[in-house]
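See below for the structure under consideration.
The values are calculated or read from the model by the stated rules, or taken from the named source; none is laboratory data. Everything numeric in this text was worked out from a predicted model, so none of it was measured. Please note: Cβ atoms are built from the backbone with ideal geometry, for glycine as well, and neighbour counts cover all protein chains shown. What goes into the accessible areas is simple: the full protein's heavy atoms, side chains included, and nothing from ligands, DNA or RNA. Shrake-Rupley method; radii C 1.70, N 1.55, O 1.52, S 1.80 Å.
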Amino acid sequence: MKVSVIGAGHVGEMTAMRIANKELVDEVVLVDIIEGMPQGKSLDMWESAPVEGFDTKLTGSNGYEETAGSDVTIITAGLARKPGMSRDDLLAKNTEIITDVVRKVTDHSPETIIIMVTNPLDVMAYVALEVSGFESHRVMGMAGILDTARFRSFVALELDVSVRDIQAMVLGGHGDTMVPLPRYATVAGIPLPDLLPQDTIDAIVKRTRGGGGEIVSLLKEGSAYYAPSAAVTEMVEAITRDSKRILPCAAWLTGEYGLNDLFMGVPVKLGSRGIEEILEVELNDQEQSALQTSADHVKSNLEKVDL
Ligand code: APR
């Protein structure tokens, strides 16, 4: 199997490294517009293979020939946030970049599954769906796993328990309007509201919503990439191993949760066909209205897209 990663910046390079380290596929191709950079990074990664003990081949390129026949394509190309910028500020420039990238990707890999990472995520996934003309189960965005990972990591710190025992769910757009669902969060099956007072849960929800921004303001330059690349790798693993994981991903909605014609984070079944099912959980009025607010925000961004 073969995976291509378009955009060999922070998120792209870490993702390529993680996928190779786990030997999820036979070959990873890293593409970027900067001359020599993806070649250099992939060669450096490949030279770590004898020490790390993986056989996944790594190739770098400034073109798309090498990506031909990719099973999965991860798109991280584009601009990242700077302090003071929202994900939405990236919209116009990244729409241009993603349109060009998706055309080239699909020319060489008409059967590929696309995982969008470039922000604003929900909008860029829409651009990929439109430009590719793919069935919607083959186009998805990475956000929910990252957002739930942040939520889980903060709960683990608060309770001083292993992150492994914490399950959580975050719905909605990847932005300040995301909808963490503490009611559906558990620690080894115990509902979170039984373990933490409401004000502590509220503080964790707030920190989760601003999780990306917290990293951006600490880094001063660039945005998060360790947790994002781990999240993408989990999606790639579910697809390449056809493991039918239930994971929160940005999926094209056609009536689920009462929402239509937009990408939003929802729990999905991920397997070799991509998004094999969208799961609908019951929401109370407050949660449904938060989801609607998030959807309205994504829709208002979609209106700014000029393809
Ligand atoms: N084709 C290929 N690569 C491109 C193109 C293009 N048309 N335009 C830009 N790039 C490359 C840049 O050269 C850069 O190496 O995309 C890479 C982006 O990397 P970074 O700037 O390091 O950004 P990163 O932190 O990886 O984030 C990438 O993911 O999480 C999101 O908001 C984030 O949209 C951003 C994306």
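Quick notes
- No other residue among Gly36, Gly60 is under 22 Å from Ser109 (Cβ atoms) and either buried (at least 22 other Cβ atoms within 10 Å of the Cβ) or within 13 Å of the ligand (Cβ to nearest atom) (or both) apart from Gly60.
- When region 181-218 is limited to residues that are open to solvent by 70 Å² or more (accessible area, probe 1.4 Å), among the aliphatic types (A, V, I, L, M) and not in a loop (DSSP other than H, G, I, E, B), the one that is nearest to the ligand (Cβ to nearest atom) turns out to be Leu218.
- Taken across region 89-96, residues that are within 14 Å of the ligand (Cβ to nearest atom) and either on the phi > 0 side of the Ramachandran plot or of a type in the set (Phe, Trp, Tyr) (or both) do not occur at all.
- Close pairs from region 1-24: first more than 19 Å from Asp55 (Cα to Cα), partner part of a helix (DSSP H, G or I) and of a type in the set (A, V, I, L, M), Cβ under 7 Å, at least 6 apart: Ile6/Val101; Ile6/Val105; Ala8/Met37
- Taken over region 115-134, residues that are farther than 17 Å from Ser4 by Cα and among the small types (Gly, Ala, Ser) amount to 1.
- Flag for Glu27 being of a type in the set (D, E, K, R) and either within 12 Å of the ligand (Cβ to nearest atom) or within 26 Å of Ala125 (Cα to Cα) (or both): yes
- When residues of region 97-133 are limited to those that are in a loop (DSSP other than H, G, I, E, B) and touching an Asp or Glu at 6+ places or on another chain (Cβ under 9 Å), the one nearest to the ligand (Cβ to nearest atom): Asn119
- From the options Leu262, Leu218, residue that is farther than 26 Å from Thr112 by Cα, assigned by TED's automatic domain parsing to the domain that holds Leu157 and at pLDDT 95 or above: Leu218
- Region 68-88 - residue that is within 11 Å of the ligand (Cβ to nearest atom) and hydroxyl-bearing (Ser, Thr, Tyr) and, of those, most open to solvent (accessible area, probe 1.4 Å): Ser86
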